[in-house]
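Okay, so here's the structure we're looking at.
Each reported figure results from applying straightforward, stated rules to the coordinates on display, with no laboratory input. Predicted model, so just to flag it, every value in this text is computed and none were measured. Here the Cβ positions follow ideal geometry from the backbone for every residue, glycine too, while neighbour counts run over all protein chains shown.
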Amino acid sequence: MKKTSKVRLTIAAALALMLLTACGSLPASAAISATDAEKVIAQHLGRDDIQFIDREYDDGKYELECMVDGVKYEYEIDAATGQIIDFDCDNWDGHHHYHHNTYNHHGDCWCD
């Protein structure tokens, strides 16, 4: 491949990346997209019928809220690694509101 072809290809790739980040498709510091973060959650819950109700990107992480079978889940996903930083679930049983913080700051699961 000629040197000019390599330069053109490099410039085209750089422009494509700039357009993706400028259009909000992929935050500048994110290695994964919001859709990828949703897939991480679906795999974690073992479900494909998740209703996502809120998605935000803030400070290098995705914050997503979703509902499954009347239970609201809130996840924080590291945008650089795709790892789950934290998640909570809130369940309303008609009388009591349950809130479970399922990970500590070391990433150890406290699931019951």
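Amide H of residue 68 versus every other amide H placed in the peptide plane: which residues, excluding those fewer than 5 positions away on the same chain, fall under 5 Å?
73
Packing-wise, with mean Cβ within 10 Å as the measure, how do 67-78, 37-48 rank, highest first? Walk me through the intermediate numbers first.
On the way: 67-78: 16.8, 37-48: 15.0.
Ranked by mean Cβ neighbours within 10 Å, highest first: 67-78, 37-48.
In sequence order, what are the phi-derived ³J(HN,Hα) couplings for region 45-54 according to the Karplus relation 6.51 cos²θ - 1.76 cosθ + 1.60 with θ = phi - 60°, rounded to whole Hz, with x for glycine and proline?
Karplus-based 3J(HN,Hα) across region 45-54 equals 7, x, 9, 10, 10, 7, 9, 7, 10, 7 Hz.
What ³J(HN,Hα) values, in whole Hz, does the Karplus curve 6.51 cos²θ - 1.76 cosθ + 1.60 give for region 65-78 when θ = phi - 60°, with x put for Gly and Pro?
10, 8, 10, 9, 6, x, 9, 8, 10, 10, 10, 10, 10, 5
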